[in-house]
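**Q** My questions all concern the structure below.
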Amino acid sequence: MSTPPDTSQDDHTHFWAHTDEGKEVRFVDPRTFGFVAVFTPEELESDSMALLGRDAWHDLPTPDELAETLRNRTAPIKSLLLDQRIIAGLGNIYTDEILSLACVDPHREGGSLSRAEIESLHDAVGPVLDAAIVAGGTSLEDLAYLLPDGRAGEMLQQLQVYGMEGEPCPRCGTEITRRVLRGRSTHFCPHCQR
């Protein structure tokens with residue numbers, strides 16, 4: 001978040017830096033999932049950054065590349081999509097939404113997906129991320145995530161499955177189910193997502 005320096009700090013401010021414009025850039029992370037690292041241009045080209053997969057929004061692997069990556073993988077597809085070494089930039093909320101749009105069960109083994117399902121999955125990433133970016137991201141009720149200017153992101157109102165446990169699926173009316181999958185809340189329609 002970017003703010004004047006005299007603004008009080010959130011309890012979860014873990015890092016702040018002063019800018020030449022007289023503001024502070026603050027790293028606010030209530031769930032402590034993130035971290036701050038400073039790299040030289042040379043370090044950005046190093047092996048540590050090479051561990052990250054291709055960017056989900058700017059450089060999504062092709063369906064052929066995804067098929068090759070998923071081949072023989074026994075982990076659940078949701079866990080594979082959350083693995084930043086495979087595709088960088090997908091988090092829990094948008095992974096649930098992508099899997100819903102693609103009609104893929106998050107519990108399925110990655111290697112079990114058909115070519116058509118991989119293409120559907122690939123084709124769902126862009127629309128979900130585009131909508132999230134236009135909406136300014138997803139601010140949940142705890143307002144743990146805010147835009148740099150302090151406003152809440154508005155994607156919450158557009159979510160189809162994430163956080164919708166017990167609500168009707170917008171496609172078929174079946175109740176949205178929530179299960180914990182490898183430590184992550186997972187929301188899906190048991191009828192549409194197979």
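Every number in this text was worked out from the coordinates using simple rules, so none of it is lab data. Everything numeric here is computed off the predicted structure, so don't read it as measured data. In this analysis, Cβ positions are derived from the backbone assuming ideal geometry, glycine residues included, and neighbour counts consider all displayed protein chains.
**Q** Just from its helices, what would the mean residue ellipticity at 222 nm be for the chain, if runs of 4 or more DSSP H residues each count -39500 (n - 2.57) and the sum is divided by every residue, rounded to the nearest 500 deg cm²/dmol?
**A** On the way: 6 runs with 54 residues, N = 194.
Calculated at 222 nm, the ellipticity per residue is -8000 deg cm²/dmol.
**Q** Restricting to Cα pairs below 8 Å that are 6+ residues apart, what does the relative contact order work out to for the chain? Please round to a whole percent. Don't skip to the answer; put the middle values down first.
**A** Numbers: 292 pairs, mean separation 34.6, N = 194.
RCO, the chain: 18 percent.
**Q** How big is the gap, in Å, between the Cα center of the stretch 149-179 and the Cα center of the stretch 76-100?
**A** 16 Å
**Q** Bin by bin, in steps of 5 Å, what percent of the Cα pairs in the stretch 55-188 do you find, going until the bin that has the longest distance?
**A** Whole-percent P(r) values from 0 Å outward: 2, 10, 20, 23, 21, 14, 7, 2, 0.
**Q** Of PRO170, LEU82, GLY150, which is farthest on the positive side of the dipole of the chain, counting Cα position, with +1 on Lys and Arg Cβ, -1 on Asp and Glu Cβ, and the Cα centre as origin?
**A** The listed residue farthest towards the positive side: PRO170.
**Q** While we're here: As a test, work out the antiparallel percent of DSSP beta bridges whose residues both lie in the chain, rounded to the nearest 5.
**A** Details: 15 of 17 bridges.
Looking only at bridges with both residues in the chain, the antiparallel portion is about 90 percent.
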